[in-house]
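Since the structure comes first, as structure tokens, the remarks are kept for the end.
The values are calculated or read from the model by the stated rules, or taken from the named source; none is laboratory data. This one's a predicted model, so the numbers in the text were calculated from it and none came from an experiment. With ideal geometry, Cβ positions are generated from the backbone for all residues, glycine too; neighbour counts draw on all protein chains shown. Remember, those area values only see protein heavy atoms, side chains included, never the ligands or the DNA or RNA. Shrake-Rupley method; radii C 1.70, N 1.55, O 1.52, S 1.80 Å.
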Amino acid sequence: MADNVQNAVRAAEVARKTNETDIKLAFGVDGTGKVSIDTDVPFLNHMLDLFAKHGQFDLTVEARGDVDIDDHHTVEDIGICLGQTIATALGDKRGIKRYASVFVPMDEALAQVVIDLSNRPHFEYRAEYPSQQVGSFSTELVHEFLWKLALEARMTLHVIVHYGQNTHHMIEAVFKALGRALDEATSIDPRVQGVPSTKGVL
């Protein structure tokens, strides 16, 4: 069964258009870190690039939004779209490891991301940043993005920034850890027969 899972194409794409945003996003689990990102939020572009490269995911994002108001709707809706493609790409989750816990340092900062691809959305977030802004990007949007990602991907997601002094470094460590943790949790384990749950379904 695991061999069949490993040979399957685990990828999905979604288009979302509202009065506030217009987004097209494609995500491939078993990629090579091939990334094409074009949004109106430069800092998020950078973070998504880190996420995909460190998770070895293929990711394409084209997004336009009402950033003349602020970045909120665009960041939130990209989180929604990414979460939806992850859930679709993983299907019934046969053969995956399911869990992962990853620490990533970024200079003086240390972040931890813990994932359970449980089909039970839950988000815990422990982070205190020295600054409320990185350039024009509001740090409160990190929470918004991650919460919507966890909800739509139907994962349990715990994010802890243990310490740091530079806000950019702290957020960067989070996105790198997120990529590596999701890569590990989605990896196929040849020992796993069917779905990794005593319930028989996730």
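Some points to look at:
- A count restricted to segment 106-132 and to residues that are out of contact with any helix residue (DSSP H, G or I) (no Cβ under 8 Å at 6 or more places or on another chain) and part of a strand (DSSP E or B) stands at 2.
- Pair list, Cβ < 9 Å and 6+ apart or interchain, from segment 129-145 residues that are more than 14 Å from Leu48 (Cα to Cα) to residues that are basic (Lys, Arg) and part of a loop (DSSP other than H, G, I, E, B): none
- Residues being open to solvent by 30 Å² or more (accessible area, probe 1.4 Å) and either over 17 Å from His54 (Cα atoms) or polar (S, T, N, Q) (or both) - total across segment 172-187: 1
- Strands (runs of 3 or more DSSP E) fully within segment 1-58 that include at least 2 residues being at pLDDT 95 or above, over 24 Å from Ile171 (Cβ atoms) and in contact with a Lys or Arg (Cβ under 9 Å, 6 or more places away or on another chain): 11-17, 21-28.
- Restricting segment 37-77 to residues that are open to solvent by 30 Å² or more (accessible area, probe 1.4 Å) and aliphatic (A, V, I, L, M), the residue that is farthest from the chain's Cα centre (by Cα): Ile69
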